[in-house]
Amino acid sequence: MLLLPQPGESTAIHPSEITPEPLYLRRRSWLRKAGTAGAGLALAQWLPAAQARQIAQEDLAPLKREPSKVDAAMTMEPITRFEDATGYNNFYEFGSGKTDPAEHAHRLRTRPWTVELGGLVHKPQTLDIDALLRLAPMQERIYRLRCVEGWSMVIPWVGYSLSALLARVQPMGSARYVQFETLADKASMPGVRSAILQWPYVEGLRLDEAMHPLTLLAFGMYGRVLAPQNGAPLRVVVPWKYGFKSAKSIVRIRLVEQQPATAWNVAAPQEYGFYSNVNPEVAHPRWSQATERRIGEGGLFAKRRTTLPFNGYANQVAGLYAGMDLKKYY
């Protein structure tokens, strides 16, 4: 499937914005020296072909970007293969299976696309995807991604700090939280017909979490626009929290005073707290969070990694939770 803009559609991609080689590719020599490039059996090699509708990386439009200067935004860990990051993920709007997003997300139309910005703000507005792409300079950030299910990846994202967008709408003094709402379209998203979660999918952050420089409004990955199964055309990435906190395919952002009811917290509050910070000392009720399996690293039988507090970003974000009981506010 070709995801470049169709005839008659507007686009923010200009030839001057095309960068021939993503920054993460320039690190291949370093990875080879470290002996980690291509280590083990990549997940995409054993996924049944009938289950995964793999998209070619070159079919996604490239995005111009520069390396991020935000503290801790560029981990030097080996990058997860594009095929694994797009072929194995959670996006329940397309189904509950790991390959369901890759199989069904080609139905998602990402143009035209608008995001409504409102709630407790001085300048409510609705912006289309082109305006959002132009709002701030694009950066490449290489983040660890930790899923609450005990697996992880390392992904090069493209976007800018969410704070740039929030500053534009000027939050009121009474705003305490940011609420994100994902598209819920039964025509293109077969999972929305299920009763697994309440739709539309809603997530939320405390305002200071949303304003933290590491919280990314992402429009791309691997140097190109987001694949549909990864949350096109824009999503949030919060690297110190479990992956489900990073809302995908966002259509509405509201600033509110009260803590919003979020999808997984509503569905299973005893399992998924509002904060959902990566914490190896707080087990999920059905499994330990002390270790994780890095996707693409030695297959299913690879040795598990030790999970780091706040997913390795403690030096940058632990201060946000000073004085809080992180076992109670899990």
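No lab work stands behind these numbers, since they all come straight from the coordinates. Computed from a predicted structure; not experimentally measured. Neighbour counts run over all protein chains shown; Cβ positions are idealised from the backbone, glycine included.
Computed quantities for the displayed model
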{"item": "Highest average packing first - 247-257, 281-291, Cβ atoms within 10 Å", "result": "247-257, 281-291"}
{"item": "Violating pairs (Cα-Cα greater than 20 angstrom) within the set Lys69/Lys123; Lys241/Lys327; Lys245/Lys303", "result": "Lys69/Lys123; Lys245/Lys303"}
{"item": "Shape of the range 271-315, Cα gyration tensor, a/c cut at 1.5", "result": "oblate"}
{"item": "Overall form of the range 88-161 per C-alpha gyration tensor (a/c, 1.5; a/b vs b/c)", "result": "prolate"}
{"item": "Extension gain, Met324 back to Ser96 (0.36 nm per residue minus Cα-Cα distance, nm)", "result": "78.8 nm"}
{"item": "Burial order of peptide ranges 318-329, 160-171, 67-78, 219-230 (average beta-carbon count within 10 Å, highest first)", "result": "219-230, 160-171, 67-78, 318-329"}
{"item": "Computed lengthening from Arg286 to Lys123, 0.36 nm per intervening residue step minus Cα-Cα distance", "result": "54.3 nm"}
{"item": "Residues of type lysines that Lys248 reaches as a straight line, Cα spacing below 22 Å, ignoring anything fewer than 8 places off in the same chain", "result": "Lys64, Lys98, Lys186"}
